[in-house]
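Note sheet for the following structure.
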């Protein structure tokens, strides 16, 4: 049975005061009307064209991204650039009128095989169009974590920043995988992946929802 490495980080996904609410809002149930997500651009060595797919959950609670070629590796047969893989996704989230959203948490999954002395790293940041990128949230791994892995970025409700009501802003996600051979033998191969050939492994981004204020009518 594969060993599972579980890492958690209580962090703020969005730190810009530009979009920060004045008080901690109370989330509401997701809209019943189906939301859609359009992939505007996807770039990076971890997600060549046609290797990343986005799907929204039926209950509008989350969306998933499935990769098929997201793997960083070192060892015989691999080049130096293969030790780092990244993916920048620009997404247009179309939500029903009267609602706005934020990403409250993200769960990353994959598989790794690290030789003794090697290390790996998964990291990500998130931001809305027009906002400065946030600091990366990082999850390091060692050879003791070899096997299935999951890493989570979580935001407390007081720190969540929502998309501006009534505006179309791209949601940007930048992820990265790295492997370092460290003190492992030169003949050893080490890798970390966030891919899934059969679609069974995916990254999940969890929504939190708010009602937008009703515009006041002028007399």
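The values are calculated or read from the model by the stated rules, or taken from the named source; none is laboratory data. Everything numeric here is computed off the predicted structure, so don't read it as measured data. Neighbour counts run over all protein chains shown; Cβ positions are idealised from the backbone, glycine included.
What the table shows:
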{"read-out": "Matching residues in the stretch 61-82 - criterion: being touching a residue at least 40 places away in the same chain (Cβ under 8 Å), touching a strand residue (DSSP E or B) at 6+ places or on another chain (Cβ under 7 Å), over 18 Å from residue 149 (Cα atoms) and outside any strand (DSSP E or B)", "value": "61, 75"}
{"read-out": "Within the stretch 115-164, tally of residues that are in contact with a helix residue (DSSP H, G or I) (Cβ under 9 Å, 6 or more places away or on another chain) and crowded, with 16+ Cβ neighbours inside 10 Å", "value": "9"}
{"read-out": "Hits in the stretch 193-207 (condition: buried (at least 19 other Cβ atoms within 10 Å of the Cβ) and either at pLDDT below 75 or part of a strand (DSSP E or B) (or both))", "value": "193, 203, 205, 207"}
{"read-out": "Residues satisfying the stated conditions in the stretch 80-110, i.e. more than 20 Å from residue 42 (Cβ to Cβ) and over 16 Å from the mean Cα position of the chain (by Cα)", "value": "80, 83, 95, 96, 97, 98, 99, 100"}
{"read-out": "Scan of the stretch 1-51 for residues that are part of a loop (DSSP other than H, G, I, E, B), at pLDDT below 75, within 14 Å of residue 156 (Cβ to Cβ) and under 22 Å from the mean Cα position of the chain (by Cα), ordered by number", "value": "11, 12, 13, 14, 15, 20"}
{"read-out": "Counted residues, the stretch 101-114 - those being more than 25 Å from residue 28 (Cα to Cα) and surrounded by fewer than 20 Cβ atoms within 10 Å (Cβ to Cβ)", "value": "3"}
{"read-out": "Residue in the stretch 183-198 that is in contact with a helix residue (DSSP H, G or I) (Cβ under 7 Å, 6 or more places away or on another chain) and either closer than 28 Å to residue 38 by Cα or touching a residue at least 12 places away in the same chain (Cβ under 8 Å) (or both) present", "value": "no"}
